[in-house]
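> Structure below; questions to follow.
The numbers here are math on the coordinates, done by the rules we state, and not lab data. Keep in mind it's a predicted model, so treat the numbers as computed, not measured. Note that we place each Cβ from the backbone using ideal geometry, even for glycine, and neighbour counts take in every protein chain shown.
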Amino acid sequence: MTSILKVDQIQTVAGGAPTVADLGVNITSTSMPTGSVLKAESYMQSNSVTVSSNSVLTSLSSYTFVPVGSGSKFLITYFLYANWGNTNQGFQALMHKDGSELFRSGNVHSIYTNTLSDVYIGGAWSFVDDSGSTAGTGIVFELKAQSYSSHSINYSNASQRRGFTIMEIAQ
């Protein structure tokens, strides 16, 4: 049998709004049904990073996420913009978790143009990581990129943003 707490059953507590304890409910990450969002955080940066190499960057952006549940999945959306001028150029964006690659946007020309003018271009990607978690143990997520060629590329130039949103999902 499922119990539903109706709004008209909530009584005002002296001094303010009711709390979870006032409702007689103890909501924890383990009591949430599968598929519930337990936590969501976003991380963004807009400082420019200029690279003249086609090797994979280390830690273009890095963020430590501390999950509230154990065994959780993560819905991750990440985005990256760049610009370059007077050359054929492009890049791929990669997401890492605790030093291991989780996802990549494709290959080194998944975001690419062969125009010889100043170009501002980017993309966003989403995926689900179901490798699990331990409540209270920080996970380091890193946004990395690899350019198509060794010509100069400016990530997050002219206040363009890069970053990611992480949603922890109950298993």
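> If packing is taken as the mean number of other Cβ atoms within 10 Å per residue, what is the order of 72-85, 120-133, highest first?
The packing order, highest mean first, is 72-85, 120-133.
> Note down the magnitude of the dipole of the range 32-169 about its Cα centre, charges +1 on Lys and Arg C-beta and -1 on Asp and Glu C-beta and zero elsewhere, to the nearest 20 debye.
Approximately 120 debye in magnitude.
> Stretched out fully, how many nm does the piece from residue 45 to residue 103 gain, at 0.36 nm a residue minus the Cα gap?
Working: separation 58, 0.36 × 58 = 20.88 nm, distance 2.00 nm.
Contour length minus the Cα-Cα distance gives 18.9 nm.
> Can you tell me the alpha carbon radius of gyration of the range 32-169 divided by the globular rule-of-thumb value 2.2 N^0.38 Å?
Cα Rg divided by the expected 2.2 N^0.38 Å: 1.11.
> Also, quick follow-up: When the Karplus curve 6.51 cos²θ - 1.76 cosθ + 1.60 is applied with θ = phi - 60°, which whole-Hz ³J(HN,Hα) does each residue of the range 70-78 get, with x for Gly and Pro?
9, x, 5, 8, 10, 9, 10, 10, 10
> Now, a different point. What is the sum of charges, Lys and Arg at +1 and Asp and Glu at -1, for the other residues whose Cβ falls under 14 Å from the Cβ of residue 73?
So the surrounding residues net to -1.
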